[in-house]
Every structure is written in structure tokens, then in C-alpha cells.
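I have placed the structure first, in the form of C-alpha cells, so that the comments after it can refer back to it.
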Amino acid sequence: MTDVGAAHPGASTPAPDVGRAVVHTTGVEKTFGTGPTAVQALEGIDLEIGEGEFVSLIGPSGCGKSTLLRLIGDLTTPSAGQILVNGKPASRARLDRDYGMVFQAPVLMDWRTIARNIELPLEIMGFPRDERARRSGELLKLVELEGFGGKHPWQLSGGMQQRVAIARALAFDPKLLLMDEPFGALDEMTRERMNLELMKIWGQTATTVVFVTHSIPEAVFLSTRVVVMSPRPGRIARIVEIDLPHQRTVETRELERYFELVTQVREALRRHEPDTTTMDELEAARIRAEGLG
Amino acid sequence: MVVLLAVLVVWELAKWLGGDPWRIHGTVLGLRIDYEHLPPTHWRIADDLSLPHVWDVARAFVDPAQRNGPPLGLVLAGQALFTFREAVIGFVFGGLLGLGLAVWFVHSRLAERALVPYVVASQTVPILAISPIIVSATKAGWLSVAIVTAYLTFFPVTIGALRGLRAADQRAFELFRSYAASNRQILWLLRLPSSLPYLFAALRIAAAASVIGAIIGEIPAGIPDGLASAIINYNQYYVTAPERLWATIILCSVVGLVFVGLVKVAEGRLLRGRYRTLDLG
């Protein structure tokens, strides 16, 4: 019995509905470092993300939102608790290539053309050449970069590069898209345009998205749910359901409900105002720990 | 080119001020020229023995190496070609060894910890002392010369490649991890491509070193066909014909420059347009 959770929900794990949840975490903790310098980054994270959801993780720096995303992607391992992705342990899901990852920086390979960058995961996964070319053609169209396939990354603007990174993450049709502040480095106007495009892509692909951001309007505009996190140690402070119309457009940002929700998220964040000194401590511990590993 | 010209001017200026007296006499375009120059001072380093005239060195290339033999330039060119061949073979050996070690080290912390100190130590041993040992141990003629050359060239390649194989962004490694890429795929699709600019910088150093290595290796190997024999030979006749040793030195450096130039051309071919910043300095 390999798929413990999926086969018998509740049999070995207490949570119900594990089968349909794309991401399911129970009692997840993460501590960086050991001994007296150890810092707890996450504590008691119980979170369930259903299929087709768009969930944003928001919070001040040091609240562990990126760490949580990296745990889901099995880029780091939890100190305690369990993480299931598509009903499997996160490490299994990674090996099964269940998710696509987008970082704050586009992380494109300079020596590859744009098309070949998009094809990179397909090449690693052993797709035949013509299939790869067809896929990158489709994706270039999806992210509106037709005609740029033969260019090299440094010949594109920051926003375009990030669109390439998104296309690359979508290339192998992952069921889950993990995005770590993907638009954090872009200017406000480009960011808003990218938000609209991301919504369009999300509508077309029906992927589940976990999205880390520190922008309240961005989180509200994009998400079906916003997970507000608080630091010291990182915890889920509140989950705000975003009951805006499913179709997000330019007008969405003018809805009264949109402003109400922005205020709700802002207040949830304010109630858990961080203490800056410990935030720095946490960051330093994280860097120390990752430097070792 | 400008620098070369400046060097020649300074060279002759030094001779003008502190060299030995010299005279030109002959007929140019029907005019009889008879000119004698007496430098105002005398510096030992600028006399004809230490610093022959530029034109004497130039003429040494054209003059026969032996009575009624082919011009020295031609003889030296043949020897240079021979040495160059050894250098190239040693460079290829050394390059492959260097890259192989770097790939090994990048995959094995243990191997890196255990061996890198010895890799560094290998270069603190005087090559002059170790080359006779290599030559007598291998007894392979020009092949042992190539081994001496490889001994000198693998080091910059190992260090440069090691740096390059780790040069990719940490996030890029995480990206490959998220694709569940194998170590081999990480090597071929990420580590090696991102190491190329570093690798080529190292190969340029290795190319220059390989010519020195080949010349030094030829000495204990007693190879008569290379530049080392020319250097030893004209060293012995330095008192009577210093311009010949100078001519040989110039040719040695030309061989090195040509080799480095070839590596640069390959670098340009391979990297230009594929990498953001390509500093071909």
C-alpha cells in the first residue's frame, strides 16, 4: 500500500478528504539549525489546498511563507509533521514531477534560447524533440511571446523573462504550480499586467496554484483563499476566503468587495505585527542552516 | 601593435643612450652613407651582448643557421612546430585530466577534501625538478614531454572548472531538483554549460603554460627537434651571437601567443551570442 492517504482517507491519517486535496499538511514544523542557535521557522501548520484552488501565502518576511512553499515542493524537509501532495509524500510527488516551480528570479539558462528554456523540463523528462517544439510553441503563444523563441534570455525585459519562467513551469502540465514571489522584482505596472495574465493562464490551464507574496492587493486579486501568516514562529494566523467573481479582470480591482477583502487581510496582518529583531534572527538562522546543507 | 612599437622604440633608445658605439656604412639609392654613433653613456644592460640591436635580431632570422644551411628563422619555425605539437597534446591531456578531476570533486566532497591539497601541492614542486623524473620514468620521447606539459596544465583547468561547475545560481539547482533531474542531467544541462566561461579562462592560462611545459620537458628528454635544443644551443653561443638566443626567445613567445589566440578563437566561436557577458580580454 503505497498511496496511504489516497486509498483510505482517515485510515492512517486523521484528516478526511486527503484524496481530493492537492496539498495537505498536518502539524508541520520546521526548525533551522540546532542547539542554542536553532530558530523555529514554522509551527503547527495544518493546511489543505483543494484542486483548482489559487492559494496565496502572505505575511511579513520571516514568517516562513517561502519555507512552507519549499516544504511543499520538497526543496527542504520538515522537522516534524507530514506533507502530502496529490495524496503522496512531498518527496514522492517531486520525483513524480507533480509540480512546477517559479521563483522570484526567472532563473533562465543564458546559453539556451527562450524556446529551449521552456523545453528544458521536457528534455529532462525525455519528451521527443518534435513534441517539445510543439509544446514550447503553444506556451510561447500562451504567455504572448510568439516570435521570441529564438532570442536569448538577456535580450528580454524582466517581465518577459518571468513569463518565460511561468511557461517553463507549465511546460509539462503539472497539477500544481508553486510560485515564490514571482512578480516581487517587477515594477508595479508590470506586476499588475502580469497578474492579469496569470489569471488568464490559470483560467485556461485549471492548475492548482500556491503563491507566495508580500503584496496584499496582489494576494486578494489572484486568490480563492489568502493564508495570512505571522512570524515567531511562523504560523497560520488566519485564512481569508476571497469570494470575488471567479473571472478576475481589470474591473475586479474596483469592486467594493475587493477593497473590503484587502482591508480584512491588512487587519489580519496588523494584528500579528512582528518583532523585527527576531525576524532578523530567523533570517540569519535560515541562511546559516542552508549554507550548511 | 602600438605597444610592440613602443617596446622597440624604448629598446633602441636605451641603445642610443647607453649602448656600444655603432656605425652604418653602405650605399642606399646611390648615396653613400657613413654614420658613426657614440652613445653618451655606457650601461651594461644596453650593450650589444645584453641587448642586441633590433635589426640584428631581425637579421638573425634570415641569416643561415649554419654555413650554407637554411635561414635560422626556418629552422626555428620547424622546431617551434614540433614543440607546439607537444604542447597541444599535453594541453589536451591536461585539460581532460583537469576537467575530469573537477567533475569528480564536484560530485564527491570526500574526493575534493582529500585530493585538492595535493593538486595544489603538485604545482609547488619545481617543474624543472620533476620533469627529469617523469621523462626517465615514462621513457616515451615526445610523449613524456606531453606528460610534463599536462602536469603543468591540468591545475588551472581543475581550479577554473571547479569554480565554473558551481557557478550556476542556487535556484537553478533547485529548479533541476524540482524536475527530479539526475546527476548526469544536472552535469550536462546545468553545470557544464554554466562552467564554460570559467573553463575557457582557465584554458587560456593552460595554453600559455603548456608551451613552457613542453620546452622544459624537452630538456631532460634530450629532444633535438624542439625549441629547447635551440635555447640550449644558442645559450652556449651567446657571447658570439646573442641575437640568435633573442630570436629563439621571440619565437617561443610567438608560439605561446598563437596557442592562446587559438583558444580565444574557439572560445568566441563557442560562446559568443550564447552568454550574456563575454569578456574576451
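Tell me yes or no: at least one residue of region B:35-53 is of a type outside the set (Ser, Thr, Tyr), in contact (Cβ under 8 Å) with a residue 24 or more places away in the chain and within 25 Å of B:ALA208 (Cβ to Cβ). Checking region B:35-53: at least one residue is of a type outside the set (Ser, Thr, Tyr), in contact (Cβ under 8 Å) with a residue 24 or more places away in the chain and within 25 Å of B:ALA208 (Cβ to Cβ).
Scan region B:83-91 and tell me whether some residue there is under 20 Å from B:LEU245 (Cα atoms), assigned by TED's automatic domain parsing to the domain that holds B:THR153 and either touching a Gly at 6+ places or on another chain (Cβ under 8 Å) or free of Cβ contacts under 8 Å to residues at least 12 places away in the same chain (or both). Working first, answer last.
Taking region B:83-91 first, the residues under 20 Å from B:LEU245 (Cα atoms) are B:83-84.
Narrowing the set further to residues that are assigned by TED's automatic domain parsing to the domain that holds B:THR153 leaves B:83-84.
After this cut, where a residue has to be either touching a Gly at 6+ places or on another chain (Cβ under 8 Å) or free of Cβ contacts under 8 Å to residues at least 12 places away in the same chain (or both) as well, the list is B:83.
Yes, there is a match, as at least one residue in region B:83-91 is under 20 Å from B:LEU245 (Cα atoms), assigned by TED's automatic domain parsing to the domain that holds B:THR153 and either touching a Gly at 6+ places or on another chain (Cβ under 8 Å) or free of Cβ contacts under 8 Å to residues at least 12 places away in the same chain (or both).
Restricting region B:112-131 to residues that are at pLDDT 90 or above and of a type in the set (A, V, I, L, M, F, W, C) leaves a set whose member that is farthest from B:PRO156 (Cα to Cα) is B:ALA114.
Residues to consider are B:LEU199, B:LEU192; find the one that is more than 16 Å from A:MET125 (Cα to Cα), within 14 Å of another protein chain (Cβ to nearest Cβ) and over 18 Å from the mean Cα position of the chain (by Cα). Lay out the reasoning, then the answer.
Details: B:LEU199 fails: over 18 Å from the mean Cα position of the chain (by Cα).
Just one listed residue meets the conditions, B:LEU192.
Of note, B:THR149 does not satisfy the criterion of being among the polar types (S, T, N, Q), in contact with a Ser or Thr (Cβ under 7 Å, 6 or more places away or on another chain) and surrounded by fewer than 23 Cβ atoms within 10 Å (Cβ to Cβ). On inspection, B:ILE205 does not qualify as among the β-branched types (Val, Ile, Thr), crowded, with 22+ Cβ neighbours inside 10 Å, more than 12 Å from chain A (Cβ to nearest Cβ) and in contact with a helix residue (DSSP H, G or I) (Cβ under 6 Å, 6 or more places away or on another chain).
Having 1 or more residues that are within 14 Å of another protein chain (Cβ to nearest Cβ) and among the acidic types (Asp, Glu) is the bar; report the helices (runs of 4 or more DSSP H) wholly within region A:37-156 that clear it.
Hits in region A:37-156: A:114-124.
Anything in region B:126-142 that is part of a helix (DSSP H, G or I) and in contact (Cβ under 8 Å) with a residue 12 or more places away in the chain? List them, or say none. Listed by number, the residues that qualify are B:ILE127, B:LEU128, B:ILE130, B:SER131, B:PRO132, B:ILE134, B:VAL135, B:SER136, B:TRP142. With a requirement of 3 or more residues that are more than 16 Å from the chain's Cα centre (by Cα), the helices (runs of 4 or more DSSP H) lying completely within region A:163-271 that satisfy it span A:188-205, A:256-271. Only a single item in (1) farther than 16 Å from B:ALA209 by Cβ; (2) at pLDDT below 95; (3) crowded, with 17+ Cβ neighbours inside 10 Å; (4) not charged (D, E, K, R) is not met by B:SER108, and it is number (3).
Could you tell me which of the residues B:SER229, B:SER210 is part of a helix (DSSP H, G or I), surrounded by fewer than 20 Cβ atoms within 10 Å (Cβ to Cβ), under 21 Å from the mean Cα position of the chain (by Cα) and not aliphatic (A, V, I, L, M)?
Working: B:SER210 fails: surrounded by fewer than 20 Cβ atoms within 10 Å (Cβ to Cβ).
From the options B:SER229, B:SER210, the qualifying one is B:SER229.
Filtered by the rule that a residue be over 15 Å from B:LEU251 (Cα atoms), within 27 Å of the chain's Cα centre (by Cα) and loosely packed, with under 14 Cβ neighbours inside 10 Å, region B:51-81 gives B:TRP55, B:PRO64, B:PRO70. A residue that is more than 26 Å from B:ILE134 (Cβ to Cβ), within 14 Å of another protein chain (Cβ to nearest Cβ), in a helix (DSSP H, G or I) and among the aliphatic types (A, V, I, L, M) occurs somewhere in region B:260-275.
Checking the conditions here, which among A:ARG94, A:ARG112, A:ARG134, A:ARG70 is surrounded by fewer than 18 Cβ atoms within 10 Å (Cβ to Cβ) and out of contact with any His (no Cβ under 7 Å at 6 or more places or on another chain)?
None of the other options fit; the residue is A:ARG134.
Put simply, of B:GLY69, B:GLY73 the only residue that is in a helix (DSSP H, G or I), at pLDDT below 90 and not assigned by TED's automatic domain parsing to the domain that holds B:ILE212 is B:GLY73.
Quick check, is A:ARG191 surrounded by fewer than 23 Cβ atoms within 10 Å (Cβ to Cβ), charged (D, E, K, R) and on the phi < 0 side of the Ramachandran plot? So A:ARG191 passes the test. Across region B:160-185, the qualifying residues are those that are more than 9 Å from chain A (Cβ to nearest Cβ) and either among the aliphatic types (A, V, I, L, M) or within 26 Å of the chain's Cα centre (by Cα) (or both), and the one among them that is surrounded by the most Cβ atoms within 10 Å (Cβ to Cβ) is B:ALA161.
Given the criteria at negative phi, of a type in the set (A, V, I, L, M, F, W, C) and touching a residue at least 12 places away in the same chain (Cβ under 8 Å), does B:LEU96 qualify? So B:LEU96 does not fit the description; no. Taking B:ALA161, is it at positive phi, aliphatic (A, V, I, L, M) and either outside the structural domain of B:PHE105 (by TED's automatic domain parsing) or touching a Leu at 6+ places or on another chain (Cβ under 7 Å) (or both)? Against the criterion (at positive phi, aliphatic (A, V, I, L, M) and either outside the structural domain of B:PHE105 (by TED's automatic domain parsing) or touching a Leu at 6+ places or on another chain (Cβ under 7 Å) (or both)), B:ALA161 does not qualify.
The values are calculated or read from the model by the stated rules, or taken from the named source; none is laboratory data. Bear in mind that the values here come from a model prediction, so they are computed numbers and not experimental data. Here Cβ is always computed from backbone atoms with ideal geometry, including for glycine, and neighbour counts include all displayed protein chains.
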